[in-house]
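Computed from the coordinates by the stated procedures, all read-outs in this text should not be read as laboratory data. No experiment lies behind these values; they were computed from the predicted model shown. Cβ atoms come from the backbone with ideal geometry, glycine included; neighbour counts cover every protein chain shown.
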Amino acid sequence: MIETYVNPIGLGFEHACMLGNLRQEENVIRQGRSRFASVLQMYQIDKATTIAVKAFEACGRAAPSSSIQWACFLAPVVVGWCAAQGFANLKIRAIVNFAHDHLGILAHIISGISLVVLLLNGQVLYATVCLGWLGIKALQRAQFFPEKISAVITGVGLYVGCCTGLYFGDWIDKVFCTMLIISEIAERCFKKPVVSSENSFEHALIESKAKAAGGTAVTYEDLEAVHGDKDPWEDVLGIEPNHMRREILPPVSDAVDPYVLMQFFDVTFDVAHWKEYEAMIDLKLEQDRRWKEVGSGKMSKVEYLRKELDALITGVMEKTIVVGPPSNYGRVQYYLRYITSRFPSPEELAKGRRAIRLSLEQVDVLLHLAVGGGTYCGAGELAAAANVFYSLLAGDSRLSFEDRIRVLIQIERQQISDTIYYQSGNFCLMRVVRTLLCYDWSDVHNKSLIVAHLNRSLGLMQEGAQEEVQDKISQLATYPYAAALKNLFLFRYTPNAMVLALLDAQGTPILPKQEIMDWWVKWCERNRRRDLLESLSEVPPRLGNIPFEIKMKRTLDSEVEVTRTNPFLIRAMLLDMGLIRFEPPQTSML
């Protein structure tokens, strides 16, 4: 008697849960044109076929032959291969891309029709459970539910789905559910999630408004005691971890409207201006798969870029990103508002076309936002906006010298992370993993998933897309790898790396030499050392007995010798700012 009720309910939830979760996963990875989407589509079609066979049996009709079922099962592989070819014929390309994007939806439509048939033929419990859960997941993907309720739905789908899959599912379901359970256990045993208010974007924004007090108050006696031909600090200094948790987020009014970027686009990017920057546009679009798939041959480059920029701003500001919504809309909205604040205001735009001329920086910003974001997913739009934000922030003259130093070091930290990620894709082990999982190493989802693990292990705030936090299978595959990246990151991110980054930026508009001199002048005044102030004004400048500048080889060209601030003093400046510290037990040196 119990089985009469339990079996239909369990089996119905198992089928619906698999279909709903797989659709969500497909939505995420399909944005990067990952061929792994075909595998997920095959699994969805397999479930849809199972439900359709039950519907045929309930109607008393013969089920489709096994050859037809196999043809349906393998269709995603064929369509995915065709989509990868990039046919020159626009009609063929459009048909293939449409099929590749909608096979998962077709599986759900077939499932829905079959479930209605089952409902009308007496299998009420099974059909009701299936239709109900598929409807809930569809509403969740459409962002109908608040975030907390959506998290509960995801948790129920994961845990209850695994239990029903292990008991009622076929061997494929059992393997899939076993991997989910193992990944969940591994996550709880080996990973220490950092989820607290101190790691939120809102907390970082508050912290940036209330300046952190700072400095270790290094004295000249400290400098003189350890200065020599060989800098002994190299062996005893380490990174101060807290500085990685502090972000520089200048205050930006909520009244700043990112839609001004589109007005700026319309007012300034007439035909004549576009011709001036045609080479930049071609370079940006050369590697843009979306342009090749949906834009090339159908619209002009200007129309395509305008459409993509519109999609980015509308999706972020109105919170309508359906695929891979960002974990925090407030962060991306802040980035866009800051970027907009660096562009002409609506009043300036109203003066007319001729009153405004584009700078190369402004052109690059708009192109980067349109091509890097556009109709992409939340993770892609977050990455595009963040890259532009930090590039503009580093040159913002409104920031204090200390804050610009922190921004430069943060950019260096990001470059180290990116370099490690892309170089590690060639490791022998990762080549095997990429082949087995059909990983596209350039896909922003794969990168943001691993970077999310890296940030969590370092105690930094989380970014990326909501789905990537829920993707247990990918976590199982990438967590050990991300742990290895953490060790590589800590090996490369050293006080010496900070110093070299500042030396490379020295002399550019971002970090003029005079500003470093001005900082040391203030340092002398803070320490009440008039004798040191006088020595800084000498030619060549000195800080007491320590030469202020030395000749050294350029980082990028070992044959060229340039004059740079003494690396010893750069390191002392970072120590005084609290960005680096003496490693225990050497802390007592100061």
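The packing ranking, built from the mean of other Cβ atoms within 10 Å per residue, places the peptides 308-318, 252-262 in the order 308-318, 252-262, highest first.
Applying 1/(1 + (r/R0)^6) with R0 = 45 Å to the Cβ-Cβ distance of ILE149 and GLU361, what FRET efficiency is obtained, to the nearest 0.05?
The formula returns an efficiency of 0.55 here.
Which entries in the list LYS148/LYS301; LYS284/LYS319; LYS137/LYS319; LYS47/LYS292; LYS284/LYS551; LYS292/LYS319 go over 29 Å, if you measure between the two C-alpha atoms of each? Mind dumping the intermediate values first?
Working: LYS148/LYS301 41 Å; LYS284/LYS319 26 Å; LYS137/LYS319 19 Å; LYS47/LYS292 33 Å; LYS284/LYS551 38 Å; LYS292/LYS319 27 Å.
From LYS148/LYS301; LYS284/LYS319; LYS137/LYS319; LYS47/LYS292; LYS284/LYS551; LYS292/LYS319, over 29 Å: LYS148/LYS301; LYS47/LYS292; LYS284/LYS551.
Label-to-label distance, LEU283 versus TYR167, with points set 7 angstrom from Cα along the beta-carbon direction: 6.1 nm. The range 507-542 and the range 66-125 have Cα centres spaced 69 Å apart.
For the peptides 521-531, 414-424, the ranking by mean Cβ contacts within 10 Å, running from highest to lowest, is 414-424, 521-531.
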